[in-house]
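The block underneath contains the structure these notes are about, expressed in structure tokens.
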Amino acid sequence: MEMLIGGKKCPAAGGEVLNAINPATGEVIGTFPSAGKEDVERCLTLARQGAERWGAMSMDARTAVLENVPRVFEAHRDELCALLCAEMGKPIRQCGEDLDVTVEIFKNLCEEARHLAGSSFMDLSAAGCMGDVQFTRYEPLGVVACIAPFNFPFDTLTQKVAAALVMGNSVVIKPPTDVTLSLIRYTELLIEAGVPGDVAQIVTGHGADVGDMVVRSEKVDAISFTGSTEVGIEICRNSALYLHRMIMELGGNDPFVIFGDADLDHAVQECWMRLRNCGQTCCASKRYIVHNSVKNAFAEKLVQWLTGFKTGDPADPATDVGTLINERAAKEVEEQIAHTVRQGAKLLCGGERKGAFLTPAVLVDVTPDMDVAKDMEIFGPVFPIIGFDTEEEALALANQTSYGLNAGCMSGDMIRALRVASKLQAGTVVLNGCSTWRGPEIPFGGYKMSGLGREGGRYSLLTMSQEKTVAIRYVR
Ligand code: NAP
């Protein structure tokens with residue numbers, strides 16, 4: 001496949017290509033360009049022109065185009081799911097979820113934008129403002145660089161792209177290397193739906209090369225990034241010279257606090273969210289903080305429950321757990337399990353790796369001082385279980401991380417759960433369930449090192465625009 005610059009399919013000016021590999025089979029399923037400076041410059045210059053025209057259109061005219069997008073995506077559903085499954089190793093049954101969210105975001109944001117009005121003030125009594133009328137309006141930012149992670153590529157990218165386009169910006173997409181083909185098709189379909197070719201473009205290649213060229217450019221007005229905290233910090237540092245608007249959705253090591261009076265069977269069912277997408281979900285619960293009175297029972301039930309899932313060929317509709325994104329990622333998770341065992345934990349089941357496949361693992365005897373109990377994010381199907389005795393201890397464990405994305409808590413005592421929710425350092429706290437939750441309208445984002453800013457519904461629209469104040473003086 002080729003990049004899309006100015007609405008035209010094109011190779012890299014230097015002719016370099018990279019391979020797309022199916023992680024389940026190791027087979028090369030396609031190639032894509034590795035863009036160079038010339039390609040990035042051309043793309044950003046066109047993006048500026050696109051932003052000027054698109055941003056000057058009325059909101060109605062823009063949403064009339066964007067309302068076509070859901071229909072076009074739905075029409076290509078089977079093709080997109082098959083490509084995503086082959087490129088990522090995500091079980092085919094789960095690939096549709098990513099598209100469903102994409103369609104929903106486009107629909108919601110087009111609707112939400114119709115209700116986005118500025119504020120107006122008259123006769124504020126502040127000295128010098130009597131008799132003045134003031135109102136605000138939302139204006140586009142310009143060119144938005146949208147950099148997405150591999151795990152839910154359509155969903156995470158759409159959180160950025162749909163909001164940026166609705167608010168009159170042009171977008172330059174930098175896809176994750178491992179899921180490039182799916183996102184090239186995504187961009188082609190945006191153009192097929194009617195988005196101008198200089199308003200939605202995609203440049204491909206490694207993040208450290210092409211991504212870095214994009215974020216360092218003065219032709220970019222905003223950077224919306226979802227990915228690891230490590231790369232997020234690097235991007236902030238590398239782009240600081242131009243003070244771009246930054247939106248950062250970063251990593252997490254979400255706690256799931258389970259009290260002794262919780263419904264354990266329900267708690268175990270909630271663990272599905274750690275298996276989904278082979279454990280590669282930003283807000284999946286990654287630390288199981290379980291009251292000592294039920295810790296062993298929870299672990300036993302969990303091990304038993306895990307025997308009911310099928311790991312294997314992602315293209316088989318019966319498969320529950322596919323591969324990790326690539327063999328390197330599976331080796332990293334294998335090493336993180338081994339590291340935790342070296343620190344004194346016990347591996348109760350799983351953790352066997354074959355290529356990019358890794359069986360779900362349960363780790364017990366995890367203590368608060370171990371890396372996994374603090375800042376070591378495991379992006380795979382691993383359940384580290386840590387015991388506690390008191391509510392204060394549970395909170396200290398949950399908060400002893402520099403991350404703060406989501407958190408979950410289950411207790412038979414809802415007043416206690418609410419008290420715990422008020423003390424958990426997380427952008428979203430889920431009660432009566434695990435941490436995995438992201439409703440389309442809610443503000444989603446991290447406390448501490450899990451991010452900057454919020455995405456979701458109205459919050460995305462505000463993030464992707466700037467508010468201008470107009471003052472009319474001496475009205476009376
Ligand atoms: P990643 O390695 O940080 O990569 C994210 C994106 O950044 C990719 O497109 C990558 O391109 C690009 N990139 C890498 N280095 C860059 C640089 N120097 N300049 C510009 N772009 C660069 O993350 P990932 O492995 O794809 O995703 C997993 C991480 O994302 C986890 O930590 C997870 O928790 C987090 N995540 C957070 C959220 C959230 O909403 N908070 C959602 C999903 C995932 P290449 O692929 O070419 O390297």
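The table that follows gives values for the structure above.
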quantity: Filter result (farther than 24 Å from C95 by Cβ and in contact (Cβ under 8 Å) with a residue 24 or more places away in the chain) within the stretch 321-349; calculated: E334, Q336, I337, H339, T340, Q343, G344, A345, L348, C349
quantity: Residue, nearest to the ligand (Cβ to nearest atom), within the stretch 290-306, restricted to residues that are in contact with a Cys (Cβ under 9 Å, 6 or more places away or on another chain) and farther than 19 Å from A318 by Cα; calculated: L302
quantity: Any hit, the stretch 289-310, residues being on the phi > 0 side of the Ramachandran plot, part of a loop (DSSP other than H, G, I, E, B) and surrounded by fewer than 18 Cβ atoms within 10 Å (Cβ to Cβ); calculated: no
quantity: Every residue from the stretch 350-360 that is in contact (Cβ under 8 Å) with a residue 12 or more places away in the chain and either not in a strand (DSSP E or B) or not assigned by TED's automatic domain parsing to the domain that holds K301 (or both); calculated: G350, G351, G355, A356, T359, P360
quantity: S435 vs. criteria assigned to a helix (DSSP H, G or I) and of a type in the set (S, T, N, Q); calculated: no
quantity: Some residue of the stretch 222-236 being aromatic (F, W, Y) and more than 9 Å from the ligand (Cβ to nearest atom); calculated: no
quantity: Within the stretch 445-469, considering residues that are of a type in the set (K, R) and either away from the ligand (no atom under 16 Å from the Cβ) or assigned to a helix (DSSP H, G or I) (or both), the one nearest to G251 (Cα to Cα); calculated: K448
quantity: Single condition L397 does not satisfy, out of (1) more than 12 Å from the ligand (Cβ to nearest atom); (2) out of contact with any strand residue (DSSP E or B) (no Cβ under 7 Å at 6 or more places or on another chain); (3) under 14 Å from D254 (Cβ atoms); calculated: (2)
quantity: So V429, is it modelled with pLDDT of 95 or more, under 14 Å from D254 (Cα atoms), assigned by TED's automatic domain parsing to the domain that holds V321 and not polar (S, T, N, Q); calculated: yes
quantity: Condition broken by C283, with the remaining ones in (1) in contact with a Gly (Cβ under 7 Å, 6 or more places away or on another chain); (2) farther than 18 Å from V372 by Cβ satisfied; calculated: (2)
quantity: Check on S402, in contact with a helix residue (DSSP H, G or I) (Cβ under 9 Å, 6 or more places away or on another chain), among the hydroxyl-bearing types (S, T, Y) and within 18 Å of L264 (Cα to Cα); calculated: no
quantity: Elements of type strands (runs of 3 or more DSSP E) contained in the stretch 103-212, each with 1 or more residues being within 20 Å of the chain's Cα centre (by Cα); calculated: 143-147, 170-174, 200-202
quantity: Unmet criterion (only one of (1) free of Cβ contacts under 8 Å to residues at least 12 places away in the same chain; (2) near the ligand (Cβ under 10 Å from one of its atoms); (3) hydrophobic (A, V, I, L, M, F, W, C)) for V214; calculated: (1)
quantity: Criterion violated by C271 - all others in (1) of a type in the set (A, V, I, L, M, F, W, C); (2) over 29 Å from G260 (Cβ atoms); (3) away from the ligand (no atom under 16 Å from the Cβ); (4) under 23 Å from the mean Cα position of the chain (by Cα) satisfied; calculated: (2)
quantity: Residues within the stretch 251-266 that are farther than 17 Å from E392 by Cα and touching a Cys at 6+ places or on another chain (Cβ under 8 Å), tallied; calculated: 3
quantity: Subset of the stretch 181-204 that is in contact with an Asp or Glu (Cβ under 8 Å, 6 or more places away or on another chain) and within 15 Å of the ligand (Cβ to nearest atom) - its residue that is nearest to H76 (Cα to Cα); calculated: S182
quantity: Qualifying residue in the stretch 242-250 (condition: more than 14 Å from the ligand (Cβ to nearest atom), under 30 Å from E393 (Cβ atoms) and not hydroxyl-bearing (S, T, Y)); calculated: no
quantity: Qualifying position, being closer than 15 Å to L189 by Cα and more than 24 Å from the chain's Cα centre (by Cα), among E16, E2; calculated: E2
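The values are calculated or read from the model by the stated rules, or taken from the named source; none is laboratory data. As the structure is a computational prediction, the values presented were derived from the model and not from experiment. Note that we place each Cβ from the backbone using ideal geometry, even for glycine, and neighbour counts take in every protein chain shown.
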